[in-house]
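Encoded as structure tokens, the structure appears first; notes follow it.
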Amino acid sequence: MPIISADLTHAGGRPTAAELEAKLLAGQTLLAETPNHLMQVVDVLESYGEVLDAYSINLIYQAEQQFLNPVPAFRYLDGDLSPGKIWRHLIHDRLNFEYAEYCQKSMFWHGTGGLDAYLDSDAFGASCGAIIRRKTGRDPLLALLHPLFPDFLLELIRSAATTHALGQFWRVMSDLFLDLARAEKDGRVSTVAAVVAFMREGLVAAAAKPITYAVEVAGERFWVLPPEAGLTFLADVAVPYVEAVFLRGMPFLGTVSFNAQAQQVSPDQSTFAYGALFADPLPTMGSGIPPSLLMQDMYRHLPQRLHQWYRQTSRGEGDVRVKICLSFQKSMFCVTNAAIAGTFPHPLDHADPAAQAANRAYAASWAARLSGSRTDCLDPSNF
Amino acid sequence: MLSTLLLIPFIGAFALLFWPGQPVPGRMRVVTIVVLGLQLAWSLRVLLAFDPGDGGMQLQESFAWVSSIGLDYRLGIDGLSLPLVLINAALTLVSAVCTRDISQRPRIYFALLLLISGAVNGAFLAENLLLFFLFYELELVPLWLLISIWGGTERAYAATKFLIFTAVSGVLILGAFLGLALFTGTVDFSLTPVLSERLAMGSQLLLLGALLIGFGIKIPLVPFHTWLPDAHTQASTPVSVLLAGVLLKLGTYGLLRFCLGMFPEAWALLAPWLAGWAAVSVLYGSLAAIAQRDMKRMVAYSSVGHMGYILLAAAAATPVSLLGAVFQMVSHGLISALLFLLVGIVYRKTGTRDLEVLRGLLNPERGLPFTGTLMILGVMASAGLPGMAGFISEFLVFRGSLEAFPLATLLCMVGSGLTAVYFLLLVNRAFFGRMAITPPSADPVADARLDIRLAAVAPRETIPAMALATAVVAIGLIPAWLGRISEAASTTMARLPALLASLQNGGVG
């Protein structure tokens with residue numbers, strides 16, 4: 001039997017912006033409602049929750065314990081310098097914490113929302129000045145560097161603040177995803193719509209959670225992100241995170257030249273589209289390719305049920321990371337779906353025409369952005 | 001001992017033809033593999049019995065057959081034919097192993113495969129011109145059948161073209177052999193150098209010209225090459241392996257054994273022209289390969305280019321260049337067989353060989369990463385990178401020919417550089433970038449979303465290619481293994497003109 005190339009390729013559905021908008025306004029899930037989707041989303045989020053737990057612990061460790069360390073060689077070890085841990089690190093029997101840093105850098109670079117605005121404020125500058133004075137008084141290397149490059153330590157503190165904020169954000173998300181897995185196991189969640197509702201409620205419940213960050217320098221405690229700054233979970237970290245990591249991302253090493261050749265690197269940073277919702281699930285799996293790093297990490301924590309199903313589809317274990325990426329994108333559409341549902345200006349069943357128009361405009365702006373993303377994964381025919 | 005090398009495949013072929021009961025493809029394949037395994041083992045036994053220090057014919061066997069017309073059964077082996085006998089055994093075995101989806105007429109298919117292998121052994125071992133010719137013709141029809149029955153959609157055209165070209169080649173060779181008898185008035189068809197005291201130079205040039213064109217078609221050299229890309233494109237993978245790896249070597253073997261070996265004086269006269277011809281062939285083959293979009297045609301054109309090196313080496317006829325020619329025959333046999341195997345795997349998995357379509361096959365999860373890795377190794381070997389067989393052979397050929405024909409050698413070196421160009425094009429197009437196996441549409445966003453579900457390559461499918469890749473690297477790292485077998489013979493052959501000249505001038509010393 002001759003092999004026909006076209007039979008080996010599969011094009012998933014590509015809903016239009018209008019279709020997406022209609023679904024958002026009708027309160028329907030973007031992801032098709034099937035039992036298999038439920039299993040994929042819940043299980044992949046469970047493994048993601050496990051990974052985020054480790055990422056979160058590490059980012060908070062880095063921000064607090066490796067603060068202003070110019071050579072943080074052991075920053076992935078969470079302070080455990082035992083030979084066994086170092087050996088496992090060297091043979092790469094570990095999570096790719098580089099992915100967490102990629103997300104942090106992405107957030108830091110795109111810099112949207114209240115956190116970024118605070119990092120440029122006078123209050124922040126003043127507290128940084130105090131921290132730097134204290135630190136340089138005891139660290140001759142930094143004391144030498146600071147007068148030469150006065151913005152260097154300031155920028156490091158900004159970066160550390162983003163790192164800590166992301167660690168706090170992922171703490172909440174990790175708990176939420178692991179709760180979701182438990183809820184599905186005990187029958188409280190049994191549809192994709194219930195998954196989206198569960199996450200929306202989780203996000204809304206955590207929305208006003210304050211984001212604060214303090215460091216200890218030479219025995220003295222300083223606020224970097226003080227409670228007075230009024231930074232909150234949803235508006236100042238979650239939304240910028242979605243913007244930076246789900247949508248914009250960064251053209252990363254190894255693929256940037258392909259994107260550049262295809263003239264896909266936008267000169268406008270705000271229109272970048274390399275985020276999780278746009279990522280090609282067929283990466284080269286090389287080092288430095290962010291989606292690959294995350295897929296490798298989730299593979300380490302894959303629930304048995306999902307792993308078993310992956311083994312039975314396409315190449316089984318051979319292309320398991322691609323399948324994780326497809327499932328992950330499905331689940332990230334659920335999270336995005338929940339975030340949009342939780343941030344509509346008015347309740348969807350509001351009778352006021354002005355409120356409805358505002359909701360429509362909000363849904364339309366999201367639908368327009370999402371229509372260019374990998375919406376093909378919303379289709380159940382796509383693994 | 002040498003007759004056994006003919007008996008094993010021939011008896012195997014007849015056993016398959018008369019195998020009782022319905023032919024089951026799997027069983028026929030196993031029997032063939034066993035027979036070819038025996039043939040390989042026996043070839044290795046011949047290798048053990050072979051004395052590398054002796055540059056002449058060894059292990060000779062002969063009996064009078066039809067002596068009245070000069071047809072004697074005379075076999076012998078030397079450092080030129082032994083490596084070719086070995087790669088014949090190895091590559092026919094590879095062909096049989098990589099034949100997986102023969103559903104129609106398995107009995108005939110495998111019998112023909114064995115018949116070809118036996119005939120090729122016969123041609124390499126024959127010490128009588130007519131006997132060589134018989135074996136040379138004997139492999140034609142089976143190969144024609146292999147292309148015309150089990151080939152691609154245009155197989156009838158390609159097979160007929162192949163048959164016409166190689167039949168003309170056979171006629172020219174037979175004509176030259178008979179012409180030799182006619183001009184010299186004897187029926188001596190033994191492998192004896194023909195000298196001007198026996199035959200006028202004009203007649204020598206005429207006979208040599210006929211042989212050159214005859215073998216030039218088989219090798220093939222530009223402009224007689226046009227049958228080869230078509231035959232390769234339409235032939236199935238195992239047949240391409242055999243064609244590139246073994247059958248083309250009949251042409252180069254004939255060039256060295258019969259053209260250079262029998263007409264050394266006329267050869268020396270024509271050598272500068274032959275070196276020029278080699279350069280043209282190399283450059284044309286390489287440039288044509290650059291223009292191809294079918295992977296298999298590209299590899300086929302690379303054969304045209306790489307066979308030109310052997311003509312250059314033969315034209316220079318120095319001990320080093322002739323040793324290089326033997327190396328090039330072996331390394332080209334292994335490398336082109338490897339490349340055809342890998343192209344075959346790509347084609348079997350993706351349904352296309354179009355370089356305008358294939359992309360990113362090196363993708364580790366959904367692509368053909370191991371096949372791609374071997375392909376990169378294969379093209380590096382073909383481009384002559386150190387550490388692999390291609391480097392040794394090209395280095396010896398160029399080193400041996402540079403002083404005799406500097407310009408032609410330099411042009412051939414350019415051809416060697418062009419090999420890197422077209423094979424990098426191949427690897428870059430088919431193996432790097434975002435994976436694709438269908439033609440690009442007008443919407444690049446839609447193309448970038450296509451989910452591609454190729455079947456994985458099972459480890460057993462890559463065993464033949466891995467074996468060849470190992471051999472390519474082994475020869476590259478330890479060339480002395482092969483060099484030891486062939487050095488005495490190539491030195492003897494290179495000294496032939498000088499020896500004959502001194503004999504004519506009243507003896508050696």
query = Would it be correct to say that B:Leu115 is within 23 Å of B:Arg74 (Cβ to Cβ) and in a helix (DSSP H, G or I)?
reply = yes
request  = Could you figure out which of (1) under 25 Å from B:Gly118 (Cα atoms); (2) touching a Ser or Thr at 6+ places or on another chain (Cβ under 7 Å); (3) surrounded by fewer than 17 Cβ atoms within 10 Å (Cβ to Cβ) isn't true of B:Ser190?
outcome  = (2)
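Restricting attention to the stretch B:364-371, does a residue exist that is among the small types (Gly, Ala, Ser) and away from chain A (no Cβ under 12 Å)? Even if it seems obvious, please write down each step before you answer.
Residues of the stretch B:364-371 that are among the small types (Gly, Ala, Ser), as a first pass: B:367.
Now restrict to residues that are away from chain A (no Cβ under 12 Å): none.
No: the stretch B:364-371 contains no residue that is among the small types (Gly, Ala, Ser) and away from chain A (no Cβ under 12 Å).
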message = Filter the stretch B:213-224 down to the residues that are buried (at least 24 other Cβ atoms within 10 Å of the Cβ) and more than 14 Å from the chain's Cα centre (by Cα) and list them by number.
response = B:Gly214
Single match in B:Ser331, B:Ser441 (criterion: within 11 Å of another protein chain (Cβ to nearest Cβ) and of a type outside the set (Lys, Arg)) = B:Ser441
query = Would a scan of the stretch B:412-425 turn up a residue that is more than 22 Å from the chain's Cα centre (by Cα) and either within 14 Å of another protein chain (Cβ to nearest Cβ) or not in a helix (DSSP H, G or I) (or both)?
reply = no
message = I need a count of the residues in the stretch B:434-452 that are in contact with a helix residue (DSSP H, G or I) (Cβ under 7 Å, 6 or more places away or on another chain) and crowded, with 17+ Cβ neighbours inside 10 Å.
response = 6
task = Name the single residue, out of those in the stretch A:246-263 being touching a helix residue (DSSP H, G or I) at 6+ places or on another chain (Cβ under 8 Å) and modelled with pLDDT under 85, that is nearest to the other protein chains (Cβ to nearest Cβ).
result = A:Ala262
ask   = Within the stretch B:54-67, is even one residue part of a helix (DSSP H, G or I) and surrounded by fewer than 20 Cβ atoms within 10 Å (Cβ to Cβ)?
value = yes
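Table: residues versus (1) small (Gly, Ala, Ser); (2) more than 16 Å from the chain's Cα centre (by Cα); (3) within 27 Å of A:Ala197 (Cβ to Cβ); (4) surrounded by fewer than 16 Cβ atoms within 10 Å (Cβ to Cβ).
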| position | (1), (2), (3), (4) |
| --- | --- |
| A:Leu294 | no, no, yes, no |
| A:Asp297 | no, no, no, no |
| A:Arg315 | no, yes, no, no |
| A:Leu326 | no, no, yes, no |
| A:Phe333 | no, no, yes, no |
| A:Ala357 | yes, yes, yes, yes |
inquiry  = Going by what's in this entry, would B:Leu407 be described as more than 13 Å from chain A (Cβ to nearest Cβ), part of a helix (DSSP H, G or I) and farther than 26 Å from B:Leu243 by Cα?
reply    = yes
query = For B:Thr492, all conditions in the list (1) away from chain A (no Cβ under 14 Å); (2) at pLDDT below 90; (3) out of contact with any Gly (no Cβ under 7 Å at 6 or more places or on another chain) hold save one; what is the number of the exception?
reply = (3)
inquiry  = B:Ala442 - would you say it is farther than 23 Å from B:Ala288 by Cβ and either under 22 Å from the mean Cα position of the chain (by Cα) or not in a helix (DSSP H, G or I) (or both)?
reply    = yes
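Looking at this structure, is A:Asp93 acidic (Asp, Glu), closer than 29 Å to A:Leu154 by Cα and away from chain B (no Cβ under 14 Å)? Give the steps one after another, and end with the answer.
Numbers: acidic (Asp, Glu): yes; closer than 29 Å to A:Leu154 by Cα: no; away from chain B (no Cβ under 14 Å): yes.
The answer is no for A:Asp93.
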ask   = Which residue, of A:Leu348, A:Leu306, A:Leu326, A:Leu370, is closer than 19 Å to A:Glu184 by Cβ and not charged (D, E, K, R)?
value = A:Leu306
inquiry  = For a quick check of your reading of the model, give me the residue pairs whose first member lies in the stretch B:51-71 and is small (Gly, Ala, Ser) and at pLDDT below 85, whose second is assigned to a strand (DSSP E or B) and loosely packed, with under 11 Cβ neighbours inside 10 Å, with beta-carbon atoms closer than 9 Å and at least 6 apart or on different chains.
reply    = none
query = Of everything in the stretch B:309-333 that's under 23 Å from B:Ile376 (Cα atoms) and of a type in the set (Gly, Ala, Ser), which residue is surrounded by the fewest Cβ atoms within 10 Å (Cβ to Cβ)?
reply = B:Gly333
query = In the list B:Gly351, B:Gly344, B:Gly433, which residue meets the criterion of being under 30 Å from A:Gln296 (Cα atoms) and within 14 Å of chain A (Cβ to nearest Cβ)?
reply = B:Gly433
message = Pairs needed: first member in the stretch B:453-464, away from chain A (no Cβ under 14 Å); second member anywhere, outside any helix (DSSP H, G or I) and at pLDDT 90 or above; C-beta distance under 7 Å; at least 6 residues apart or different chains.
response = B:Pro464/B:Cys98
inquiry  = Quick check on the stretch A:188-196. Is at least one of its residues of a type in the set (S, T, N, Q) and farther than 19 Å from A:Asp236 by Cβ?
reply    = yes
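Yes or no, residue by residue, for (1) in a helix (DSSP H, G or I); (2) at pLDDT below 95; (3) hydroxyl-bearing (Ser, Thr, Tyr):
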{"site": "B:Arg74", "(1), (2), (3)": "no, yes, no"}
{"site": "B:Gly79", "(1), (2), (3)": "no, yes, no"}
{"site": "B:Val85", "(1), (2), (3)": "yes, no, no"}
{"site": "B:Asn88", "(1), (2), (3)": "yes, no, no"}
{"site": "B:Ala123", "(1), (2), (3)": "yes, no, no"}
{"site": "B:Ile149", "(1), (2), (3)": "yes, yes, no"}
{"site": "B:Phe165", "(1), (2), (3)": "yes, no, no"}
{"site": "B:Val171", "(1), (2), (3)": "yes, no, no"}
request  = Kindly indicate which of A:Gln104, A:Gln62, A:Gln40, A:Gln28 is closer than 27 Å to A:Ala238 by Cβ and part of a loop (DSSP other than H, G, I, E, B).
outcome  = A:Gln28
query = For B:Ala448, are the conditions met, namely being within 14 Å of another protein chain (Cβ to nearest Cβ) and among the small types (Gly, Ala, Ser)?
reply = yes
query = Within the group A:Ala18, A:Ala73, A:Ala22, which residue is within 30 Å of B:Arg449 (Cβ to Cβ), free of Cβ contacts under 8 Å to residues at least 12 places away in the same chain and away from every other protein chain (no Cβ under 14 Å)?
reply = A:Ala22
ask   = In the stretch A:137-161, what residues are within 23 Å of A:Tyr61 (Cβ to Cβ) and assigned to a helix (DSSP H, G or I)?
value = A:Leu141, A:Leu142, A:Phe152, A:Leu153, A:Leu154, A:Glu155, A:Leu156, A:Ile157, A:Arg158, A:Ser159, A:Ala160, A:Ala161
task = Starting from residues that are surrounded by fewer than 15 Cβ atoms within 10 Å (Cβ to Cβ) and within 7 Å of another protein chain (Cβ to nearest Cβ), keep the ones in the stretch A:1-15 and report whichever is farthest from the chain's Cα centre (by Cα).
result = A:Pro2
remark   = In the set B:Leu48, B:Leu112, B:Leu91, B:Leu44, the lone residue that is under 29 Å from B:Arg29 (Cβ atoms) and out of contact with any helix residue (DSSP H, G or I) (no Cβ under 9 Å at 6 or more places or on another chain) is B:Leu48
request  = State all residues of the stretch B:362-400 that are assigned to a loop (DSSP other than H, G, I, E, B), out of contact with any helix residue (DSSP H, G or I) (no Cβ under 6 Å at 6 or more places or on another chain) and either at positive phi or polar (S, T, N, Q) (or both); if no residue qualifies, say none.
outcome  = B:Asn363
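The values are calculated or read from the model by the stated rules, or taken from the named source; none is laboratory data. Predicted, not measured: the structure shown is a model, and the values here were computed from it. With ideal geometry, Cβ positions are generated from the backbone for all residues, glycine too; neighbour counts draw on all protein chains shown.
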